[in-house]
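The values are calculated or read from the model by the stated rules, or taken from the named source; none is laboratory data. All of these numbers come straight from a predicted model, not from anything done at the bench. All Cβ positions, glycine included, derive from the backbone under ideal geometry; neighbour counts span all protein chains shown.
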Amino acid sequence: MLDTVTDLKSLLNDPSLLETRAYIGGQWVEGDNGTYDVTNPARGDVIAQVADLSRAQVAGAIAQAEAAQKEWASWTGKERAAVLRKWFNLMMENQNDLGIILTAEMGKPLAEAVGEVAYGASFIEFFAEEAKRIYGETIPGHQRDKRITVIKQPIGVAASITPWNFPNAMITRKAGPALAAGCAFVARPAAETPLSAIVLGVLADRAGIPAGVLNIVTSSRASEIGKEFCENDAVRKLTFTGSTEVGRILLRQAADSVMKCSMELGGNAPFIVFDDADLDAAVEGAIMCKFRNNGQTCVCANRIYVQSGVYDEFAAKLKARVETMSVGDGLADGTIFGPLINGEAVEKVQEHIADAKAKGGNVILGGASSDLGGTFFQPTIVTGATKDMLVSVDETFGPFAPLFKFEDEDEVIAMANDTIFGLASYFYAKDLSRVYKVAEALEYGIVGVNTGIISTEVAPFGGVKQSGLGREGSHHGIEDYLEMKYICMSV
Ligand SMILES: O=CCCCC(=O)O
């Protein structure tokens, strides 16, 4: 049982990793607004009380970042790479402790949490390497006496707002390229999961990242902090992962200062199973894709389309596999499905299931809260899903798998693209020309073909349509933190 912060400390190999103060300008800082409670979603127990910063303190953090940025940018790429590499090493050396902290505040099973820490650290490793490869360009002059050079420079101070579902990796995917580029960074983690962010500050400090280059600002007041980030002229880049609704608000707020924005927003991922697919592989892919993090991931399948010839078999196989998977505390052995983050998340899953049932859906597995109570929910599969159901337009963000039936390729492509979102999509098929045609026709930033897992630091992650702006990860990911400068010289 994790009743208090002392209990959580006792689970850690290095209890000093559990810090509850904010990290600003290399100092550990108490909140002007006191503290707020961080709870364990499995039981609702308070596990820590974290610094609740005021807007003025966040402005102070931005000032510290601004003061530190120029010196940091003057370091060579190789020098920046060396400390980023140390930061990566420290994350991996403390991977299990970081995983325990993450599970305690977010709820996902420990194996997934430890996996997320490795995934998060991979962005620091990758961008440490990229720090040495920020190349410019020479362009043939437009007149005989002209020489044109393009250099790339850090954009300045970058600020991030990140969600609770990936409390580690969503920060590192932004901080890695920002710091590698020579930007200073101010991170505001989700109020639900500040401890995983703060521990990144602890390790950054140990790695020798200079004071002010990385700042972690914790606060229970999301909208105030969002406003400060958008309205403070020293912030030149805002990077956000979260809902499309909040992304729109931030974009509006950021318009006045014309800052560069990256938005990784909501999805409504289709997962398509064609009749020539390897069905067992498709079932495994659907499980990974739909139920990763208990369905609480922006790239989780939201709508599963299965061609009529294999529909019943796929449904039976999926049910048989999912019913063997257990729901439980994230720290308990064998848990596959942890708790949902909070009561609101449970209500949304319930609403989508009730709506599906009312519109003719047939619950073949689950459908209700788990006997464990709290926010534990049974993984649920519904057959007979139709496009008038809520789930076809709205991301459930929970363990609900609706199975839609389709007849042909054109029909399913039209259904899959019939959404304002365009983040991830998936399909299983063997026919090569179908594979190419469908991959090209899906209006999404990411297409998984015969795989349910597409996330990696080496590929560009991001969406089209109202799923966002910009790409994170890969060599493209650093571009969002750089400005191009064109130098025109007359010789
Ligand atoms: O909710 C979105 C988090 C993205 C997780 C990933 O990188 O796969």
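Odds and ends about this structure:
- Among residues of segment 446-466 that are of a type in the set (S, T, N, Q), those with a Cβ under 7 angstrom from a residue that is more than 10 Å from the ligand (Cβ to nearest atom), sequence gap 6+ or separate chain, pair up as N450/A281; N450/Y428; T451/G285; Q466/T244; Q466/I420; Q466/F421.
- Restricted to segment 385-491, the set of strands (runs of 3 or more DSSP E) holding at least 1 residues that are surrounded by fewer than 23 Cβ atoms within 10 Å (Cβ to Cβ) comprises 400-406, 446-449, 482-490.
- When the criteria are applied in full, P189 meets the requirement of being free of Cβ contacts under 8 Å to residues at least 60 places away in the same chain, within 16 Å of the ligand (Cβ to nearest atom) and assigned by the TED database to the domain that holds A222.
- Failed criterion for G31 (all others in (1) part of a helix (DSSP H, G or I); (2) surrounded by fewer than 22 Cβ atoms within 10 Å (Cβ to Cβ) hold): (1)
- When segment 286-311 is limited to residues that are small (G, A, S) and within 20 Å of the chain's Cα centre (by Cα), the one that is farthest from the ligand (Cβ to nearest atom) turns out to be A286.
- Subset of segment 55-102 (residues that are without any contact (Cβ under 8 Å) to a residue 60 or more places away in the chain and in contact with an Asp or Glu (Cβ under 8 Å, 6 or more places away or on another chain)): A56, R85, F88, G99
- Residue list for segment 94-122, filter: of a type in the set (G, A, S) and part of a helix (DSSP H, G or I): G99, A104, A111, A113, G115, A118, G120, A121, S122
- Only listed residue being away from the ligand (no atom under 16 Å from the Cβ), farther than 30 Å from V217 by Cβ, surrounded by 23 or more Cβ atoms within 10 Å (Cβ to Cβ) and of a type in the set (A, V, I, L, M, F, W, C), chosen from V235, V327, V322: V322
- Residue check, A368 buried (at least 24 other Cβ atoms within 10 Å of the Cβ) and either hydrophobic (A, V, I, L, M, F, W, C) or at pLDDT 95 or above (or both): no
- Within segment 156-183, being in a helix (DSSP H, G or I), more than 11 Å from the ligand (Cβ to nearest atom) and touching an Asp or Glu at 6+ places or on another chain (Cβ under 9 Å) holds for K174, G176, P177, A178, A180, A181.
- Meets criteria (in contact (Cβ under 8 Å) with a residue 60 or more places away in the chain, among the aliphatic types (A, V, I, L, M) and more than 23 Å from G208 (Cβ to Cβ)) for V150: yes
- Failed criterion for G44 (all others in (1) within 26 Å of D480 (Cα to Cα); (2) of a type outside the set (D, E, K, R); (3) modelled with pLDDT under 95 hold): (1)
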